[in-house]
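The values are calculated or read from the model by the stated rules, or taken from the named source; none is laboratory data. A quick note: this is a predicted structure, and the numbers were derived from the prediction, not measured. Cβ placement follows ideal geometry from the backbone for every residue including glycine, while neighbour counts extend to all protein chains displayed.
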Amino acid sequence: MYHVIESRFRQTLRELIRRRYKADITVATERPPRLEMGELASPVCFELAKRLKRAPPQIAQEIAGAIGKIEGIARLEVAGGGYLNAFLERPAFFSAVLARAGKEAVAPAPDASKNIVEHTNINPNKAAHIGHLRNAALGDSFVRLLRHTGRRVEVQNYIDNTGVQVADVVVGFVHMERKTAADVRALAAQARFDYSCWDLYARVTQFYGEDPAREGLRGETLKDIEEGRGATAEIAEVVSTAIVRCHLRTMERLGVEYDLLPRESEILRLKFWDAAFEQLKQRGAIRLATSGKNAGCWVMEMSSAAGAQDPPGPDQDPDEDVKIIVRSNGTVTYVGKDIAYQLWKFGLLGRDFRYRRFHTHASGHTVWVSCADGGESGAPAFGKADQVYNVIDSRQSYLQNVVVAGVRALGFTAQADRSMHFSYEVVALTPRCAAEMGYELSAEDAQRSFVEVSGRKGLGVKADDLLDRLEAAARGEVDQRHQQAPEAEREAIAHAIAIGALRFFLLKYTRSTVIAFDFKDALSFEGETGPYCQYAVVRARNIFRKLHEQQPEFVLDTRGVLPRQEKIAQLLASPAGNDFWELALLAGSLGTHVDAAVGAQEPAFIAKYAFQLAQAFNNFYHKHHILSEEDAERKTFLLLLTSAIERQLVRALQLLGIEAPEKM
């Protein structure tokens, strides 16, 4: 609503300026600080004045007099020495809000640009932890935002099933526990296999520390896995596949779904890396180091890959400013395989995976997985994206820069520019939360603002443990409030509250913020939390439930036909109607916040919007006694406004992956 009028205002101004002043200029808009100054303002006349060497107020007066009628805008005024302030048509805007509130995004056009969002990407060697939940929540919400704007989106969850972390667990099973492939297969069929691997992974770190020579087992195991050789590779396959299934079950609890699981093993076995390797060598993007500490390795010189004009100086160490792509033993580093993967995403490799069905989400959506041979018919056309977003934490920024540099070094400049690292900071725990999870804290740690976690050391909060604790806490509240409700209903409400609390907590902070998770803060029904927003929806729905009990025959016309347009105009008129108008304006501004969230890649903008709308509605709820209102038209107006807010709040929460339960 608001963003439609804003876009129309910008376009009309741009066309008038181009036509009248022969100037092609970007038109910026902003929200004035007070309603008395309108709902839209543009400082474009100040920029235009610099070009025309004229006074901004004079230009603003000319534009205001020549621009004519703009749909949705009642009038235009000149203010502040040259601002163009627009005042919206309040009744028309209110009617549009009623008509469009809560609408799902339209299906993307067949020729709409394709976006790949790669997220979650947990190493398949142990249980997921709280940090992985932030990745998944960010990625999933960004997918929802992109789809809301009508874009085609493919969701990928990259499976590093030939990496060091998997190799370490295999070392643990083979060299510490002396397990055969059959033994591991039997263990993998048991519940909580991901928990067993979590503990084993931590013990392997200690195993290496006791004898540095044991580190050689990692390299040998890694090479066997990459080459698909013997029992070692078989165990790695069993472990990684079983852990991925555990991860999918965990993420389903959050409502997260995927389209494709591309596996690193197929990047190797289908010679994706070989194809990328040849391209990199032919373009001179990598070289074989013949001396120094990198002797025998294929390396990429980062300065040249990034487009630097000047070669390294004669006194510069050749080992500096390089990234190893292939190790001296022939194994490929993570970043090398990721360059090949990134090229495939854009359809630049000339090769494709084969695919088979791997999992069906509770919604019925099929998850496909890459495979090296066989494959099934009916797989969607994966890859060949126009834009790629890689949701990976900020600690991997350098490696992501190397990947983009590799794509750029091959001459694919446009694709490198459209390779976006959707970075975020880590999740820690408040000392209180760490203590509640059973971790022993030093006196120093207990005084810190947050406690860092480490999966390699076994210190952290497993995702399922966290979800179990949240659901148990929410269930306690629900049982107290709704003792007579059926068991299944109370369970569903508790689940919705727990997931809403967690996702909102993970999403309300900007991506550059380190999160210190705390149970009490997340589950609170007050303040900037998921339950607070959910409860606002419940309150709104309770109004209509009680209305139906009092007047079963009452039908609310959400198309804005009732009450009369004159009455709506009167109720929204300034200054007495400014409170109603502010609320309607906020309800109609979801699209603006979505556009901002997509542009900045910040789902936090939607969390902030949801909280502001919930807060504004709660103030409205306490101030106006809707069901006891005696003026029939005013009562209907208040109900219409409540309905619009409820639908917009539900939609905003859906974009965050949060369900609004019927009761709380």
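Taking the condition within 30 Å of Thr513 (Cβ to Cβ) and among the acidic types (Asp, Glu), does Asp393 pass? Considered against the rule, which asks whether it is within 30 Å of Thr513 (Cβ to Cβ) and among the acidic types (Asp, Glu), Asp393 comes out as yes.
The residues listed here are Phe517, Phe525, Phe544, Phe554; of these, the one that is closer than 22 Å to Gly102 by Cβ, among the aromatic types (Phe, Trp, Tyr) and in contact (Cβ under 8 Å) with a residue 40 or more places away in the chain is Phe544. Here no strands (runs of 3 or more DSSP E) wholly within segment 1-105 include at least 3 residues being out of contact with any helix residue (DSSP H, G or I) (no Cβ under 8 Å at 6 or more places or on another chain), of a type in the set (S, T, N, Q) and surrounded by 19 or more Cβ atoms within 10 Å (Cβ to Cβ). Out of Ala107, Ala99, one residue alone is within 17 Å of Gly150 (Cα to Cα), small (Gly, Ala, Ser) and modelled with pLDDT under 90. It is Ala107.
Within segment 106-125, restricting attention to residues that are touching an Asp or Glu at 6+ places or on another chain (Cβ under 6 Å) and of a type outside the set (S, T, N, Q), the residue that is surrounded by the most Cβ atoms within 10 Å (Cβ to Cβ) is Ile116. Of everything listed in (1) at pLDDT 90 or above; (2) over 23 Å from Pro124 (Cα atoms); (3) of a type outside the set (Val, Ile, Thr), the single unmet condition for Leu254 is (2).
Could you grab me the full set of residues in segment 578-632 that are farther than 19 Å from Val4 by Cβ, not in a helix (DSSP H, G or I) and not aliphatic (A, V, I, L, M)? Within segment 578-632, Gln601, Glu602, Pro603, His624, His625, Ser628, Glu629, Glu630, Asp631 meet the criteria.
Counting residues in segment 579-599 that are in contact with a Pro (Cβ under 9 Å, 6 or more places away or on another chain) and either surrounded by fewer than 21 Cβ atoms within 10 Å (Cβ to Cβ) or in contact (Cβ under 8 Å) with a residue 40 or more places away in the chain (or both) gives one or more. Can you pull out every residue in segment 158-197 that is part of a helix (DSSP H, G or I), more than 17 Å from Ile122 (Cβ to Cβ) and not hydrophobic (A, V, I, L, M, F, W, C)? Within segment 158-197, Gly172, His175, Asp183, Arg185 meet the criteria. Taken as a whole, the structure leaves Leu52 outside the set of residues that are more than 23 Å from Met1 (Cα to Cα), modelled with pLDDT under 95 and under 39 Å from the mean Cα position of the chain (by Cα). The residues in segment 565-577 that are surrounded by fewer than 16 Cβ atoms within 10 Å (Cβ to Cβ) and assigned to a helix (DSSP H, G or I) can be counted, and the count is 3. Against the criterion of being at pLDDT below 95 and over 20 Å from the mean Cα position of the chain (by Cα), Ala573 qualifies. Just to be sure, is Glu6 closer than 21 Å to Ala596 by Cβ, in contact (Cβ under 8 Å) with a residue 12 or more places away in the chain, in the same structural domain as Glu71 (by TED's automatic domain parsing) and among the acidic types (Asp, Glu)? Yes, satisfied.
Scan segment 149-157 and tell me whether some residue there is part of a helix (DSSP H, G or I), in contact (Cβ under 8 Å) with a residue 24 or more places away in the chain and touching a Phe, Trp or Tyr at 6+ places or on another chain (Cβ under 7 Å). Checking segment 149-157: not a single residue is part of a helix (DSSP H, G or I), in contact (Cβ under 8 Å) with a residue 24 or more places away in the chain and touching a Phe, Trp or Tyr at 6+ places or on another chain (Cβ under 7 Å).
Taking into account only those residues within segment 470-514 that are among the polar types (S, T, N, Q) and within 16 Å of the chain's Cα centre (by Cα), which is surrounded by the most Cβ atoms within 10 Å (Cβ to Cβ)? Here the residue is Thr510.
Listed by position, the strands (runs of 3 or more DSSP E) contained in segment 370-457 that have at least 2 residues being aliphatic (A, V, I, L, M) and touching a strand residue (DSSP E or B) at 6+ places or on another chain (Cβ under 6 Å) are 387-391, 427-429.
Among the residues making up segment 364-421, those that are acidic (Asp, Glu), more than 21 Å from Arg283 (Cα to Cα) and either modelled with pLDDT of 95 or more or surrounded by fewer than 16 Cβ atoms within 10 Å (Cβ to Cβ) (or both) are Asp373, Glu376, Asp386. Looking across segment 97-118, the residues that are more than 30 Å from Gly72 (Cα to Cα) and β-branched (Val, Ile, Thr) come down to Ile116, Val117. Inside segment 190-214, residues that are among the basic types (Lys, Arg) and on the phi < 0 side of the Ramachandran plot make up a count of 2. Each residue in segment 469-488 was checked for being more than 19 Å from Tyr532 (Cβ to Cβ), touching a residue at least 24 places away in the same chain (Cβ under 8 Å) and assigned to a helix (DSSP H, G or I), and 1 of them qualify.
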